[in-house]
Amino acid sequence: MSHRVIAGSAKGRKLQLVPGDSTRPIMDRVKEALFSIIGWDILDANFLDLFAGTGSVGIEALSRGAQFATFVDMDRTAIHTVLENLKTTGFLEQSEVLQRNAFLLLKTTPPRPYHYMYIAPPQYKNLWIEALKTLEENPSWIHDELTVIVQIDPKELRGVELQLKQLEIYDERTYGNTHLIFLQTKPQEDETSSTQLG
């Protein structure tokens, strides 16, 4: 499968894949659609690629004008792959790469305000739900300019009803076996609401 940067300053650069099947690489057409939705808002943004895998999404953000990206993964091979891809694309100085547990990271104080957080954990384990709950329990991560994007398989939506306090869903898109959920910070006066997905 071709894996490359689609647009921006590093357009066309080939990216390494993480060996094995521990990650779920995002298809080019899904990545293109994702950044078409974000649009020019990516310029000068801080981007958090929470279950980074190859680092493809965070690198695409940098290529399109993001100011800084943090890549987080527990897998040593994934971390090595991200570092190699950052060297290939020339974005090492605009990045930090952390071999850490994403959930433990979300319980700490963020080193900077992130404008975008991309959550694409291993499938069928409800880790995306756990990540959203952990995020909501630590208000230091949440501010008015935060957008959270979740990548899952559409089958993972079955029977799911999210109880959200700090965030609200404003868009959902399905591309084949990939479903993207876009969330933003709720206005302060809003009360807790439940959202049926899909």
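Segment E145..K125, full-extension length gain: 4.3 nm, with 0.36 nm per residue of separation and the alpha-carbon distance subtracted. Here the extension length gained between D41 and R29 equals 2.4 nm, from 0.36 nm per residue of separation less the Cα-Cα distance.
Compared with the alpha-carbon gap, the fully stretched path from L83 to L98 is longer by 4.4 nm at 0.36 nm per residue.
Using a cutoff of 8 angstrom between alpha carbon atoms and counting only pairs six or more residues apart, the relative contact order for the chain works out to 16 percent.
Highest mean first, the peptides 161-170, 85-94 sorted by other C-beta atoms within 10 Å per residue fall in the order 85-94, 161-170.
Toward the positive end of the charge dipole of the chain, with +1 on the Cβ of Lys and Arg and -1 on the Cβ of Asp and Glu, the farthest Cα among A33, H80, P110 is that of H80. Taking label positions 7 Å along the Cα-Cβ direction at both Q16 and H3, the computed distance is 1.0 nm, reported to one decimal.
So which helices of the chain fit the span-like rule, where a helix is a whole DSSP H run, its Cα atoms reach 18 Å or more along the axis, and its mean Kyte-Doolittle is at least -0.5? Both cut-offs are met by 76-89.
About the centre of its Cα atoms, the stretch 28-193 shows a dipole size close to 500 debye [charges on the beta carbon of Lys, Arg (+1) and Asp, Glu (-1) only; nearest 20 debye].
Model label points for T109 and Y170, set 7 angstrom from Cα along the Cα-to-Cβ axis, are 2.8 nm apart. Here each label is just a point 7 Å from Cα along the line to Cβ, and for E161 and T185 those points are 2.9 nm apart.
The Cα center of the stretch 5-55 and the Cα center of the stretch 65-130 differ in position by 12 Å.
Laboratory data are not the source of any read-out in this text; all were calculated from the coordinates shown. Note that the structure is a prediction, hence the values are computed from the model and not measured. Heads up, the Cβs are rebuilt from the backbone with ideal geometry, glycines too, and the neighbour counts pull from every protein chain shown.
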